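Enquirer: Dropping a structure here in structure tokens format, bear with me for questions.
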């Protein structure tokens, strides 16, 4: 009984000392204000256009992801659904793509386009600021593209992703390079931190880095992690 009590106290101590427990305030309040009632057509013009790094390199990104038939993939921060639609045929009828976004408008748009294009393996999910709201132990890969810097509660959100992933499941992070004296004014003002900070937060949330694709993108980085 004494050993059991000691174990419980140790767990409480570890949780209380973790970033997850301490993170009660948003790391960047208001970062998602533009997504509360987004003008979807305007965001389509912004997200799905030549000149946007991830749009221009979508084929290279798909090749690097190496998706297989039957996989269950979550596009977290799916936005207008560009990559959700690209993933759908890659995982096939036996697979599934979860399009996860905080915006009802984006989710409704993805539902509409998926129906129009008969992409029947797409399931939409409206998430919360601190959880992706996915079922436990169901997802093989979580894709976070130009979205992590919008996580108001990164530790809590990453723990929810950890829970949603199957054993050995992976996370691919794509986000903007934020380097003092190199990155543009928009990036320095909009993106709260650089790659090293985001990587540490993910590692602290129960992941290990397994890969990085250097020179795949012009303005962003591509890093892969695996659930411990």
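Enquirer: State all residues of segment 34-49 that are part of a loop (DSSP other than H, G, I, E, B) and in contact with a helix residue (DSSP H, G or I) (Cβ under 8 Å, 6 or more places away or on another chain); if no residue qualifies, say none. Full working, then the answer.
Expert: Here is the first cut: in segment 34-49, the residues part of a loop (DSSP other than H, G, I, E, B) are 36-39, 48-49.
The answer is 37, 38, 48, 49.
Enquirer: Being modelled with pLDDT of 90 or more and surrounded by 11 or more Cβ atoms within 10 Å (Cβ to Cβ) is true for just one of 70, 51. Which residue is that? Write out each step before concluding.
Expert: On the way: 51 fails: surrounded by 11 or more Cβ atoms within 10 Å (Cβ to Cβ).
Going through 70, 51 in turn, just one is modelled with pLDDT of 90 or more and surrounded by 11 or more Cβ atoms within 10 Å (Cβ to Cβ): 70.
Enquirer: On to the next question. State whether the residues of segment 207-214 include one that is modelled with pLDDT of 95 or more, part of a loop (DSSP other than H, G, I, E, B) and surrounded by fewer than 12 Cβ atoms within 10 Å (Cβ to Cβ).
Expert: As a first pass, look at segment 207-214 and keep what is modelled with pLDDT of 95 or more: 207-214.
If we keep only those that are part of a loop (DSSP other than H, G, I, E, B) as well, we get 213-214.
Subsequent filtering for residues that are surrounded by fewer than 12 Cβ atoms within 10 Å (Cβ to Cβ) retains 214.
Yes - at least one qualifying residue is present in segment 207-214.
Enquirer: Take the residues of segment 125-148 that are in a loop (DSSP other than H, G, I, E, B) and touching a residue at least 40 places away in the same chain (Cβ under 8 Å): which is nearest to residue 63 (Cα to Cα)? Working first, answer last.
Expert: Narrowing segment 125-148 to residues in a loop (DSSP other than H, G, I, E, B): 127, 129-130, 132-138, 146-147.
In the following step, the residues that additionally are touching a residue at least 40 places away in the same chain (Cβ under 8 Å) were identified as 127, 129, 132, 134, 138, 146-147.
On the way: 127: 27, 129: 30, 132: 25, 134: 25, 138: 23, 146: 18, 147: 20 Å.
If we take residues in segment 125-148 being in a loop (DSSP other than H, G, I, E, B) and touching a residue at least 40 places away in the same chain (Cβ under 8 Å), then 146 is nearest to residue 63 (Cα to Cα).
Enquirer: OK, next. When you check residue 198 against the structure, is it assigned to a strand (DSSP E or B) and touching a residue at least 24 places away in the same chain (Cβ under 8 Å), yes or no?
Expert: On the way: assigned to a strand (DSSP E or B): no; touching a residue at least 24 places away in the same chain (Cβ under 8 Å): yes.
So residue 198 fails the test.
Enquirer: Can you name every residue in segment 149-172 that is touching a strand residue (DSSP E or B) at 6+ places or on another chain (Cβ under 8 Å) and either assigned to a loop (DSSP other than H, G, I, E, B) or surrounded by fewer than 24 Cβ atoms within 10 Å (Cβ to Cβ) (or both)? Full working, then the answer.
Expert: As a first pass, look at segment 149-172 and keep what is touching a strand residue (DSSP E or B) at 6+ places or on another chain (Cβ under 8 Å): 149, 156-158, 160-162, 164-172.
Those that are touching a strand residue (DSSP E or B) at 6+ places or on another chain (Cβ under 8 Å) and either assigned to a loop (DSSP other than H, G, I, E, B) or surrounded by fewer than 24 Cβ atoms within 10 Å (Cβ to Cβ) (or both): 149, 156, 160, 162, 166, 167, 168, 169, 170, 172.
Enquirer: Let me ask something else. Sort out which residues of segment 64-86 are in a loop (DSSP other than H, G, I, E, B), in contact with a strand residue (DSSP E or B) (Cβ under 7 Å, 6 or more places away or on another chain) and farther than 17 Å from residue 148 by Cβ, and write them in order of number. Explain how you work it out, then say what you get.
Expert: Going residue by residue through segment 64-86, those that are in a loop (DSSP other than H, G, I, E, B) are 66-71, 77-81.
From what's left, in contact with a strand residue (DSSP E or B) (Cβ under 7 Å, 6 or more places away or on another chain): 67, 71, 77-79, 81.
67, 71, 81, listed by residue number.
Enquirer: At pLDDT 95 or above and either surrounded by fewer than 19 Cβ atoms within 10 Å (Cβ to Cβ) or closer than 25 Å to residue 195 by Cα (or both): is that true of residue 95 in this structure?
Expert: No; evaluated as a whole, the condition is false for this residue.
The values are calculated or read from the model by the stated rules, or taken from the named source; none is laboratory data. What you are looking at is a predicted structure, and each value in this text was computed from that prediction instead of being measured. Glycine gets a Cβ as well: all are built from the backbone with ideal geometry, and neighbour counts include every protein chain shown.
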